[in-house]
Amino acid sequence: MTAQVDHAALFAATPSPYLVLGPDLVIVDVNRAYLEATGRTHGDLVGRHVFQAFPDNPDDPAADGMRNLNTSLHRVLATRKPDTMALQKYDIPVPHRPGAFEERWWSPVNTPVLGPDGRVAWIIHRVEDVSAFVRAHLAAQPKGVRIGRRLEVAESLEAELYAWARELQRLNEELRQANTREREVAVTLQEAMLHTPDLAHHRDVAVRYLPAVDSLNVCGDWYDVVDLPPDRLALAVGDVIGHGLEAAAVMGMLRSALSAAVRALERPAQALEVLGLYARSIEGALGSTAVKAVVDRRSRMIVYSSAGHPPPVLVHADGRCELLDQATDPPLAARLEHVPPPQAGVRYRPGDTLVLYTDGLIERREEDIYTGLGRLMSALGACSRLAPEQIADTLLARLGIASGGRDDVALVVARL
């Protein structure tokens, strides 16, 4: 849905001073910042020719601000392209003091707005008032040469500002390249850690991974899909506290350990028990959560165990949703003493769908978790007949995080 923007309010609130001129150079609009910079009112300016509102200072024989601005504006009208002016000394009349002018320095840009016929319909005149900056430079000059060196100072400042702009551009480009390299390394690392060979055997299983929008495309959330011959399938999701490379590194260790444990041990609770003991030896693993579910296709039974994780949802073919919340333990390594984790089981029917996810899918600020769970089950009930890939995409869209959210998200949707 496209956001509705109040462009008039946006123009009025923009911090840079703006005038809008017609092709006849009559002022048709002005924003608040321009009025504040010049000490004028809306009525003083709108409807007046720009050079009637701002004539040259008659007491300054070297004044050329009006001529330079006029040249730039007509260049815009002729070329229909933006024109960036050099640093300009353009004194302005002092309000309520007839004949008095105040020395001012400006950095102007004139930009055309084309009409349907391709001609210039408006000119946006944007200025930055750099008077204080210039005065500081002039004040640093010896008193006897200040007036004679105004032009020299202006040219020096123009060159200095240009050099600053080029240096900033160079630094921004270096930063962009560094961020790109770091992001490429991070994404490659994440893809390697989330590599799930057994997933290719299951067209009825869809997975999604969305890092938080302000992250480097890496996160501490994860998923796993493991074949357990002859007829069992193990599914898991987990969540490490935090974002970025440190959380991703912890995630990789925990995910690998659980994936190995479930292959060696028959029960999900046993695999999580081993993972909890292992987590105690990993810095940054405390408070991590995980849920493991094993689907037995022969007995049509789902056996599951959770370590502080949001409950999986079993979506029946008729749209009814069932929370798998009967075997939940505290997060990994949270107990002071070792206690074997709980385990529970539930039967399913062919055509049912099992959904595992991390808390970024359901949790929102200033909401309790039950509100998020209700929203999730409502969305699942409405799309229960779709294929797993469609369910995954529909869920992300309906829950408002198709392009990422404030928290990381991992999602597994399996048709049973």
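The values are calculated or read from the model by the stated rules, or taken from the named source; none is laboratory data. Please read these numbers as outputs of a predicted model, since none were measured by experiment. Cβ atoms come from the backbone with ideal geometry, glycine included; neighbour counts cover every protein chain shown.
Here are some residues: Val5, Val28. Which one is under 35 Å from the mean Cα position of the chain (by Cα) and not acidic (Asp, Glu)? Don't jump to the end; show me each part of the working.
Numbers: Val28 fails: under 35 Å from the mean Cα position of the chain (by Cα).
Val5 is the lone residue from the list that is under 35 Å from the mean Cα position of the chain (by Cα) and not acidic (Asp, Glu).
If you take the residues in region 319-333 that are among the hydrophobic types (A, V, I, L, M, F, W, C) and in a loop (DSSP other than H, G, I, E, B), which one is farthest from the chain's Cα centre (by Cα)? Looking at the filtered set, the residue picked out is Ala327.
Keeping to region 72-118, report how many residues are of a type outside the set (A, V, I, L, M) and in a strand (DSSP E or B). Please lay out each step first, then the result.
Initial filter on region 72-118 (of a type outside the set (A, V, I, L, M)): 72, 74-75, 79-84, 88-91, 93, 95-99, 101-108, 110-112, 115-118.
Filter once more, so that each one left must be in a strand (DSSP E or B): 83-84, 88-89, 93, 101-102, 105-108, 110-112.
Looking only at that region, the number is 14.
On inspection, Asp29 fails the criterion of being in contact (Cβ under 8 Å) with a residue 12 or more places away in the chain and part of a loop (DSSP other than H, G, I, E, B).
Whenever a residue of region 55-67 is closer than 9 Å to Tyr90 by Cβ, its partners that are among the polar types (S, T, N, Q) and not in a helix (DSSP H, G or I), lying with C-beta atoms within less than 8 angstrom and at least six residues away or across chains, give the pairs Ala63/Asn57; Gly65/Gln88.
Scanning region 379-413 for residues that are among the polar types (S, T, N, Q) and surrounded by 14 or more Cβ atoms within 10 Å (Cβ to Cβ), we see that the one that is nearest to Pro312 (Cα to Cα) is Ser384.
Can you tell me which residue among Asn57, Asn70 is assigned by TED's automatic domain parsing to the domain that holds Trp106, of a type outside the set (D, E, K, R) and at pLDDT 90 or above? Outline the logic, then answer.
Working: Asn57 fails: at pLDDT 90 or above.
Every option except Asn70 fails the conditions.
Only one of these is under 30 Å from the mean Cα position of the chain (by Cα) and in contact (Cβ under 8 Å) with a residue 40 or more places away in the chain: Leu277, Leu235, Leu254. Name it. Before the answer, list the steps.
Values: Leu277 fails: under 30 Å from the mean Cα position of the chain (by Cα); Leu235 fails: under 30 Å from the mean Cα position of the chain (by Cα).
Only one candidate qualifies: Leu254.
Residues checked against (1) more than 27 Å from His7 (Cβ to Cβ); (2) in contact (Cβ under 8 Å) with a residue 24 or more places away in the chain:
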| site | (1), (2) |
| --- | --- |
| His42 | no, no |
| Phe51 | yes, yes |
| Arg80 | no, yes |
| Asp91 | yes, yes |
| Pro95 | yes, yes |
| Arg104 | yes, yes |
| Pro108 | no, yes |
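Residues are listed down the side, and each one gets a yes or a no for (1) more than 19 Å from Val355 (Cα to Cα); (2) surrounded by fewer than 24 Cβ atoms within 10 Å (Cβ to Cβ); (3) out of contact with any strand residue (DSSP E or B) (no Cβ under 6 Å at 6 or more places or on another chain); (4) not assigned by TED's automatic domain parsing to the domain that holds Val346:
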site: Ala260; (1), (2), (3), (4): yes, yes, yes, no
site: Ala264; (1), (2), (3), (4): yes, yes, yes, no
site: Ala271; (1), (2), (3), (4): yes, no, no, no
site: Glu283; (1), (2), (3), (4): yes, yes, yes, no
site: Leu286; (1), (2), (3), (4): yes, yes, yes, no
site: Asp318; (1), (2), (3), (4): no, yes, yes, no
site: Leu324; (1), (2), (3), (4): no, yes, no, no
site: Ala327; (1), (2), (3), (4): no, yes, no, no
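Taking region 15-45 as the range and being of a type in the set (Val, Ile, Thr), farther than 19 Å from Val120 by Cβ and surrounded by 14 or more Cβ atoms within 10 Å (Cβ to Cβ) as the test, only Thr38 passes. Among residues of region 347-372 being more than 25 Å from the chain's Cα centre (by Cα) and surrounded by 17 or more Cβ atoms within 10 Å (Cβ to Cβ), the one that is nearest to Leu275 (Cα to Cα) is Leu356. Restricting Leu380, Leu396, Leu373, Leu336 to those that are farther than 26 Å from Thr196 by Cα, out of contact with any Pro (no Cβ under 7 Å at 6 or more places or on another chain), of a type outside the set (S, T, N, Q) and part of a helix (DSSP H, G or I) reduces the list to Leu373. Which count do you get for residues in region 356-370 that are of a type in the set (A, V, I, L, M) and in contact with a Pro (Cβ under 6 Å, 6 or more places away or on another chain)? Result for region 356-370: 1. Candidates Val113, Val127, Val94: the one that is closer than 25 Å to Pro15 by Cβ and at pLDDT 90 or above is Val113.
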